[in-house]
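Reading through the structure tokens given below for one structure.
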Amino acid sequence: MLRKLVFFAIMLAFTISLSGCASGRKQKELEIQGLRNQVSALESQLQAKDEEINSLKDAVTKTAEEETAINKKKVIGEVKSRPTPKQVQIALRNAGYNPGKMDGKMGRLTRDAIKAFQSANNLTVDGKMGKKTWNLLKEYLYKKSK
């Protein structure tokens, strides 16, 4: 009888231990699923923040470009009918021609740069800033060529 009682106690303990393992596994699986859900939520939040950062970067870049354009216009000035020597030198430099020192004077190097620009654009090569030459060159006043 004692043997039966010991056997029954061992079986009862074994059964209890097995049921504890199953519920423990189920609880761990629930914890893992909860963690996966949290990771998914965090990934979604991260993606939203990345999109927000990219949007802000674009806005900052656009604002910086606008400010640069405004500042250049203030420094260079608006071109009315005839460009100033300084504007010609800036446009030549931006177009890839070396007008020499940016001194606002139509010196030899500036005239040579005008001649080179005229030659490259199939214009009359005279070293003077005429209307045809300026109409082609003025697009480089505010932007650099590649």
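FYI, it's all coordinate maths here, none of it is from the lab. Treat the numbers as computed from the prediction; the structure is a model and nothing was measured. A quick note on method: Cβ atoms are made from the backbone with ideal geometry, for glycine too, and the neighbour counts reach across all protein chains shown.
Please report Val125, Val6 as a ranked list, fewest other C-beta atoms within 10 angstrom at the top and most at the bottom. Walk me through the numbers on the way to the answer.
On the way: Val125 15, Val6 10.
Taking fewest neighbouring Cβ atoms as first place, the list is Val6, Val125.
Stretched out fully, how many nm does the piece from Asn54 to Thr84 gain, at 0.36 nm a residue minus the Cα gap?
Details: separation 30, 0.36 × 30 = 10.80 nm, distance 4.07 nm.
Stretched fully, the Asn54-Thr84 segment lengthens by 6.7 nm.
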Report summary line: Of the listed pairs Lys62/Lys138; Lys26/Lys49; Lys105/Lys132; Lys101/Lys131, those with alpha carbons more than 32 Å apart are Lys26/Lys49
Requested in this report: Along Cα→Cβ, 7 Å out, is where each label goes; now give me the distance between the ones at Gln38 and Ala13 in nm to one decimal.
Outcome: 3.7 nm
Report summary line: Once phi for every residue in segment 26-31 is put through the Karplus expression 6.51 cos²θ - 1.76 cosθ + 1.60 (θ = phi - 60°), the whole-Hz ³J(HN,Hα) values, with Gly and Pro written as x, are 4, 5, 5, 4, 5, 5
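Lys131 to Glu67: FRET efficiency via 1/(1 + (r/R0)^6), r the Cβ-Cβ distance, R0 35 Å, to the nearest 0.05?
Working from the Cβ atoms, E equals 0.65.
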Requested in this report: Identify all aspartates and glutamates with a Cα-Cα distance to Lys143 below 12 Å; exclude those on the same chain that are fewer than 8 residues away in sequence.
Outcome: Glu65
Report summary line: Per the rule of 0.36 nm per residue minus the C-alpha distance, extending Tyr142 to Val6 adds in nm 39.2 nm
